[in-house]
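What follows is one structure encoded as structure tokens, with my remarks underneath.
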Amino acid sequence: MARIASFALLSAAAALPGALAWGAMGHEAVAYVASNYVSASTRTFFQALLDDTSADYLASVAAWADSYRYTSAGKFTAPFHYIDANDNPPASCGVDLDRDCGAEGCVVRALQNYTTILIGQKASTANLQIAAKMVIHFAGDIGQPLHCEALEIGGNDIDVQYDGEDTNLHAVWDSNIPESISGGSSLSSAKSWAQELIKEIDSGAYKSQASKWVSGLSVASAAKQTATALGWATDSNAYVCSTVLAGGVSAVEKQDLSGKYTTAAQPVVDLQIAKQGYRLAKWLDAIVAAIQ
Ligand SMILES: *[C@@H]1O[C@H](CO)[C@@H](O)[C@H](O)[C@H]1NC(C)=O
Ligand SMILES: [Zn+2]
């Protein structure tokens, strides 16, 4: 059942212009991980701002930015979902802000911009809500390796198959691989996946790494916000060389990626979702601390 539902969603996604970034489910999983680690005052602050006192207050808005970008009012935010690293995978990976963040903006500068707006507290409530939803969303996007890659429009132009269906490499990383882990595309799939990742952070494979994920994290100035976000993008982009395109484009083009490729990719997707959820929690804590 979950598989049928995810195919229907995928074809709807394929009809949209451009990429969606982690499918909604990936963003929701990041948000659920974050909700587990935010401080009580952060939870209170964002529940009040987002006017939602439920446990899903972050997850419910985590995918909103992917619909906003397709509206006429939100069209200008489309480039905020990625950074076009003009590197040379798999031989060399790397992000250079001056080279890769265009005049129209990118995910690194967008995280900085909406973080500064939130800390400033001068915008209208409606615009502060938008800023919160943007930060929650972009903390997810920046962890998707193909959102930190220019090659073939972040893999959108690399035709592949998944379970016999025609798709592209970007969509496989947005949705097929995450759903192969969580078992579906629903909010409840995201929630149960997040619970598994939280266990790994608290007492499993990620326990010794989590503090490193947030080392140097700072919202104290625009420069520090940018440096932190650039670090996240660089971290994510490195997986383009090591995993996403480890064998070059020819190794994935026209191939069905539902087998061994997915098995190799799943640990990276788990790690990136867990990491970005944990980072988002500490980022939101830092924002609230900077306001008070
Ligand atoms: C920052 O966000 C505001 C509100 O969406 C937007 O008008 C502005 O263009 C953004 N600036 C940058 C540099 O992204
Ligand atoms: Zn996005």
Longer than 22 Å from Cα to Cα, which of K199/K260; K199/K275; K133/K191; K191/K282; K122/K275 are they? Say none if no pair is. K199/K260; K122/K275
Cut-off 10 angstrom, C-alpha nodes, Gaussian network model of the chain. Which of A48, A59, A34 fluctuates the most? A48
Between T53, T226, T116, which gets the highest mean-square fluctuation from a Gaussian network model of the chain, Cα cutoff 10 Å? T53
When the charge dipole of the chain is computed with +1 on Lys and Arg Cβ and -1 on Asp and Glu Cβ about the Cα centre, the Cα farthest towards its positive end, among A227, N168, I117, belongs to I117
How big is the accessible area of E104 in square angstrom, nearest 10, if you roll a 1.4 angstrom probe over the protein chains? 110
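Hey, could you get me the Stokes-Einstein D for the chain, Kirkwood radius over alpha-carbon pairs, 4 °C and 1.567 mPa s, rounded to whole µm² s⁻¹?
D, rounded to a whole number, is 69 µm²/s.
Let me know the whole percent of all Cα-Cα pairs from region 69-170 that are separated by more than 18 Å. Each step should come with its number before you reach the end.
Values: 2790 of 5151 pairs.
I get 54 percent for the Cα pairs in region 69-170 exceeding 18 Å.
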Can you list the HN-Hα couplings for region 178-195, worked out from phi with the Karplus curve (6.51, -1.76, 1.60; θ = phi - 60°), rounded to whole Hz and with x for Gly and Pro? x, 6, 5, 8, 7, x, x, 10, 7, 4, 6, 5, 4, 5, 6, 4, 4, 4
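Expressed in nm to one decimal, what extension gain is obtained for the pair I153 and Q121 from 0.36 nm per residue of sequence separation less their Cα-Cα distance?
Working: separation 32, 0.36 × 32 = 11.52 nm, distance 3.54 nm.
Extra length from I153 to Q121 when fully extended: 8.0 nm.
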Which Cα, out of S208, S60, A290, lies furthest along the positive dipole direction of the chain (beta carbon charges, K/R +1, D/E -1)? A290
Degrees separating the helix 107-120 axis from the principal Cα axis of the chain, which is the longest one: 20
Accessible surface of C101 - all protein chains present, 1.4 Å probe, nearest 10 Å²: 20
Report the residues of region 186-229 in range of a label on S54: point 7 Å along Cα→C-beta, backbone N strictly under 15 Å from it. 186-192
Potential lengthening between A40 and V249 on full extension [0.36 nm per residue; Cα-Cα distance subtracted]: 70.7 nm
Just how far, in whole angstrom, is region 59-107 from region 220-253 if you go by their alpha carbon centroids? 12
Relative to the longest principal axis of the chain, what angle (0 to 90°, nearest 10) does the C-alpha long axis of helix 260-291 take? 10
Compute a Gaussian network model of the chain, connecting alpha carbons closer than 10 Å, and tell me which residue from A265, A220, A281 fluctuates the most. A220
For Cα pairs less than 8 Å apart in space and 6+ apart in sequence, what is the mean separation divided by the residue count of the chain, i.e. the relative contact order in percent? 31
Under a 1.4 Å probe, counting only protein heavy atoms, S188 has an accessible area in Å², nearest 10, of 80
So the label point goes 7 Å from the Cα of A290 along Cα→C-beta, right? Which residues of region 127-153 then have their backbone N under 19 Å from it? 127-143
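The values are calculated or read from the model by the stated rules, or taken from the named source; none is laboratory data. Computed from a prediction, not measured in an experiment: that's the story for all the values here. Because the Cβ atoms are built from the backbone with ideal geometry, glycine has one as well, and the counts that use them run over all protein chains shown. The area values use the complete protein model at the heavy-atom level, side chains included, leaving out ligands, DNA and RNA. Shrake-Rupley method; radii C 1.70, N 1.55, O 1.52, S 1.80 Å.
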